[in-house]
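Taking it in order: structure first as structure tokens, then the write-up.
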Amino acid sequence: MSKHSTTHGVEDTATASSETVRVEHAAAESGGTSRAAGLMSGPFGRNLGLVVALLVICLVGVFTAGDRFASVNTAMTILRLAAVVGVVSIGMTFVIIGGGIDLSVGAILALSSVWATTFATQAMAADTHWLVMVFVALAVGGACGLVNGVLIAYGNIVPFIMTLAMLASARGLAEIISERRTQIVTVDGFKDFWSADVLGVPLLVIIFALVSVGGWVLLNRTTFGRRTLAVGGNPEAARLAGINVKRHTALLYVLVGLCCGLAALMLIGRTSTGSSTHGTLLELDAIAAVVIGGTLLTGGRGTIVGTVIGVLIFSTLSIVFVLNNQDSSTQAVAKGLIIVVAVLLQQRLARRSIST
Amino acid sequence: MSTTEPLLRMSGVVKRFPGVLALGGVELEVRAGEVHCLLGQNGAGKSTLIKVLSASYQPDEGEIHWDGKQVALSSPQVAMRLGISTIYQELDLVPDLSVAENIFLGHELSTAGFSQRGETIRRTRELLERLGHGEIQATRSVGRLSPAAQQIVSMARALSQNTRLLVLDEPSAVLDQGEVDNLFRVIRDLTAEGVAIVYISHRLDEIRQIGDRITVLKDGSTVASGLAVEDTPTSELIELMTGRSIEYVFPPRGETAPTDGEPVLEVIDLELPGVFSGVDLSVHAGEIVGLAGLVGAGRSEILETLYGARRPSAGTVRVLGRELRRGSVPDAVKAGVGLAPEERKSQGLLLDQAIYRNVTVSSLGRFARLGFLDSREERRRAREVTESLDTRPAGVDRLVRLLSGGNQQKVVLSRWLLRECKVLLLDEPTRGVDVGARAEIYAVVRSLADSGVAVVVVSSEVEEVLGLADRVLVVREGRVVHEGPASEIDESRVLDLVMEGSAA
């Protein structure tokens, strides 16, 4: 900033009066405060707001439910609840930053869970290793994502429509395969592994943490993440800069598909079942978490940390409501309010950062 | 209204943004019935001043007098009611609504909530005829009109609300010569009716044609106001705008244009159906080739096609002997081709991302190991390259949106400089770039060529093509109609070649 003002000062030759120089200095000084303001409206400040919101919800929990809320058990329950939707939300964050949307995550999760458990319930259960289930779930999720991605990127179908179609057909296919029955997992190794605790922390929570860290690294430290930001920020400029925008877009949907497959395994681990009703309305929870986490629905900007806190806000809210014996309807109303307030705040911050 | 009292008088207008003094005491006086030109480099504060005038921004200090009375332009509605209308560079029309609907958008003619279709269309025709464009259909959707016609619609909209002061922000940027002449005719008609015009343009020759008086801004302050156009030489205007005088804008060419040896870029019989066909082009290392022609002659499309951004139906493109895959930008970039596109903001830049990210976006692989980026190294290299082009303000973490047009172009050039491209394609390299920064960009392009890059330049300004290029190709209706050294052809000959077909 100071360098800026000096070069300008030198440039002002004939017309430079002492007054303009003084004005330049004033501008340089106010630049210092704007940097602080920039920090507040940047990812740091935005996440700070979210952390405060999360703390407020926790305080409400402590005041209304006391020790029942403030316990390690409750904390683990919240995290376990957050884990499945969290993993999907990380994938969703990438798709939305890349300028797309995926409405089919819940349906893909259901299809993955059904297809994977089919191997563990029918005649082949006895001679199926549980790793086969893992492979099947990830393959189904990835394949659905690939179909989404290819048709969106190369078939030029609007993401909203394409994933809406996938939402309908993937859940339909899940119903056909499962004959609308809940499939109970009988393979022992699977349950043992997925419902295990490591040092008192459920494996689901550890997976969520690993996926979050992995997502953060992928977004902030790799060429893939940088290209995602470029493709979502200005697809035409990204294309003319030499980025293969179509291939990258397709990969984003494969990524979220794989996340759905992983989430399906986590949900099977938690419930011991695969069902075509798993993950109903999951897409709304995931999109809501991403959006209140500060990711722009128009693409080009967003953070993994924001998404993680967004997921935690919703799961903590659920537990607070449950502990206070409030039904899920009241909870839904509160959720809606939070989304609106978060987006309003986000717009104000965005406006401030543009005017600087 | 007395003739001594100006219609608009702004004095001591100050507008601060966090960290930036956008306007530091601006004076502007506009009389009814005059064309008042507002001059200044990018970043001089013109856009901010217009936004204060249209009340999009509130000034922090200063007084505004309208018709002799002090007013506060507190909201766009107030400005509109006073009779101030602004036509921005990016036209703000709704493409899917009709001409008539666009003109009366926001102040629809209606009875009890039902729109008066007939009356709306009748009034629309009146307005369009007043502007000399009765041929524009009132019921046509705006998106299907040419840019020139869209601009007329914008002006009709301004006139539909009793405008007394009309601000035109670079209205000629999207127009060809005939359309500009037409625009000037409309402007003269309006001033004859007593409407005041504030005219913003980078083209000094236009200001000479249409302007009455000039106000010059520099670094957010008025450095000269109310200069009479006919008494002010261009050199003085340039000096006022830049703070220095420029005599030779174009850098000197090399002794002889190097045309021996294998060409770096070779285009053979390239065709894009309905746009151009049979285009042959070869460019040697160190050579600058210019494409001249009217808007729509196929110049930009030729560049975009050989870059792979459009898929040709026939023809080959070779870079250093290697044939490029048709319609693949990544392949062209890999072979060492770079493009600085025509629409810099929408096609060239990630406006809301840091400068260094815009610079390294085409060379990410070089900064990555197993996909992981070394962003410290990225910043270091980006800083080196942008500083070598004297991009201001310095600092690679700034958002590109906050830079002036000339500096944004330097960011695009830095991208290809970093990539060490062999072929550089420049589409309107100085559009929206002020006079001072233009000379810098010309110098950068020439020094790139001197370092062995093959350069192709497309420009609407014949002068620019002739001044910058070693060899010139004239394009008319999708065909190359002339090819030869730039030193052997002059502006009027190029214009003859360009117009030949349409004159017949």
Next item on the list: Working carefully through the options B:474, B:465, B:423, find the one that is buried (at least 24 other Cβ atoms within 10 Å of the Cβ) and modelled with pLDDT of 95 or more.
Entry: B:423
Next item on the list: Please work out which residue is farthest from the other protein chains (Cβ to nearest Cβ), limiting yourself to region A:244-286 and to residues that are surrounded by 24 or more Cβ atoms within 10 Å (Cβ to Cβ) and part of a loop (DSSP other than H, G, I, E, B).
Entry: A:276
Check: Considering region A:151-194 alone, what residues qualify as being assigned to a helix (DSSP H, G or I) and acidic (Asp, Glu)?
Finding: A:175, A:188, A:192
Check: Limited to region B:352-362, what total is found for residues that are more than 10 Å from chain A (Cβ to nearest Cβ) and of a type outside the set (A, V, I, L, M)?
Finding: 1
Notebook entry, point to check: Hey, does region B:442-459 have a residue that's crowded, with 21+ Cβ neighbours inside 10 Å and modelled with pLDDT under 85?
Noted result: no
Note to self: Conditions first: (1) out of contact with any helix residue (DSSP H, G or I) (no Cβ under 7 Å at 6 or more places or on another chain); (2) polar (S, T, N, Q); (3) within 8 Å of another protein chain (Cβ to nearest Cβ). Residue B:388 passes all but one, so which condition is the exception?
What the structure shows: (3)
Check: residue A:176 versus (1) surrounded by 16 or more Cβ atoms within 10 Å (Cβ to Cβ); (2) free of Cβ contacts under 8 Å to residues at least 12 places away in the same chain: which is the lone unmet condition?
Finding: (1)
Item checked: Condition check for residue B:55: modelled with pLDDT of 85 or more and in a loop (DSSP other than H, G, I, E, B) -> yes
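For residue B:101, are the conditions met, namely being touching a strand residue (DSSP E or B) at 6+ places or on another chain (Cβ under 6 Å) and not basic (Lys, Arg)?
no
So if I check each of A:310, A:302, which one is assigned to a loop (DSSP other than H, G, I, E, B) and crowded, with 21+ Cβ neighbours inside 10 Å? Show your work before the answer.
On the way: A:310 fails: assigned to a loop (DSSP other than H, G, I, E, B).
Result: A:302 is the single residue among A:310, A:302 that is assigned to a loop (DSSP other than H, G, I, E, B) and crowded, with 21+ Cβ neighbours inside 10 Å.
Let's see how each residue does on (1) crowded, with 16+ Cβ neighbours inside 10 Å; (2) under 24 Å from residue B:222 (Cα atoms):
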| site | (1), (2) |
| --- | --- |
| B:53 | yes, yes |
| B:61 | no, yes |
| B:66 | yes, yes |
| B:73 | yes, yes |
| B:84 | yes, yes |
| B:88 | yes, yes |
| B:95 | no, no |
| B:99 | yes, no |
Checklist line | For residue A:295: the one exception among (1) within 14 Å of chain B (Cβ to nearest Cβ); (2) among the polar types (S, T, N, Q); (3) under 25 Å from residue A:195 (Cβ atoms) | finding: (3)
Check: Which members of region A:95-115 meet the condition of being of a type outside the set (Gly, Ala, Ser) and in contact with a Phe, Trp or Tyr (Cβ under 9 Å, 6 or more places away or on another chain)?
Finding: A:95, A:101, A:102, A:103
Margin query: Residues that are more than 8 Å from chain A (Cβ to nearest Cβ) and hydrophobic (A, V, I, L, M, F, W, C): does region B:344-351 have at least one?
Written below: no
Item checked: The lone exception for residue A:60 - which of (1) among the hydrophobic types (A, V, I, L, M, F, W, C); (2) touching a Ser or Thr at 6+ places or on another chain (Cβ under 6 Å); (3) modelled with pLDDT of 85 or more; (4) over 24 Å from residue A:214 (Cα atoms) it fails -> (2)
Margin query: Taking the condition of being in a strand (DSSP E or B) and modelled with pLDDT of 90 or more, how many residues in region B:16-46 meet it?
Written below: 9
Next item on the list: Name every residue in region B:29-43 that is surrounded by fewer than 24 Cβ atoms within 10 Å (Cβ to Cβ) and closer than 27 Å to residue B:407 by Cα, in order of residue number.
Entry: B:42
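With the condition kept exactly as written, say whether any residue in region B:108-127 is within 30 Å of residue B:203 (Cα to Cα), outside the structural domain of residue B:201 (by TED's automatic domain parsing) and part of a helix (DSSP H, G or I).
Pass one, region B:108-127, residues within 30 Å of residue B:203 (Cα to Cα): B:127.
This time we only want the ones that are outside the structural domain of residue B:201 (by TED's automatic domain parsing), so: B:127.
Those left that are additionally part of a helix (DSSP H, G or I): B:127.
Yes, region B:108-127 has at least one match.
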Next item on the list: Kindly check whether there is at least one residue in region B:426-443 that is farther than 26 Å from residue B:351 by Cβ and touching a Leu at 6+ places or on another chain (Cβ under 8 Å).
Entry: no
Notebook entry, point to check: Which condition number in (1) surrounded by fewer than 16 Cβ atoms within 10 Å (Cβ to Cβ); (2) under 24 Å from the mean Cα position of the chain (by Cα); (3) modelled with pLDDT under 95 is the one that residue A:126 fails?
Noted result: (2)
Next item on the list: Return a yes/no flag: does region B:139-153 have any residue that is in contact (Cβ under 8 Å) with a residue 60 or more places away in the chain and either surrounded by fewer than 18 Cβ atoms within 10 Å (Cβ to Cβ) or more than 17 Å from the chain's Cα centre (by Cα) (or both).
Entry: yes
Check: Taking region B:84-106, which residues are over 27 Å from the mean Cα position of the chain (by Cα) and either under 25 Å from residue B:201 (Cα atoms) or acidic (Asp, Glu) (or both)?
Finding: B:101
Next item on the list: Kindly indicate whether any position in region B:441-454 is in a strand (DSSP E or B) and assigned by TED's automatic domain parsing to the domain that holds residue B:404.
Entry: yes
Checklist line | Residue check for residue B:269: surrounded by fewer than 19 Cβ atoms within 10 Å (Cβ to Cβ) and in contact (Cβ under 8 Å) with a residue 60 or more places away in the chain | finding: no
Item checked: residue B:341 being within 13 Å of chain A (Cβ to nearest Cβ) and free of Cβ contacts under 8 Å to residues at least 24 places away in the same chain -> no
Note to self: Quick check on region B:363-382. Is at least one of its residues within 11 Å of another protein chain (Cβ to nearest Cβ), among the polar types (S, T, N, Q), more than 24 Å from the chain's Cα centre (by Cα) and buried (at least 20 other Cβ atoms within 10 Å of the Cβ)?
What the structure shows: yes
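The values are calculated or read from the model by the stated rules, or taken from the named source; none is laboratory data. Since the model is a prediction, treat every value here as computed from it, not as a measurement. With ideal geometry, Cβ positions are generated from the backbone for all residues, glycine too; neighbour counts draw on all protein chains shown.
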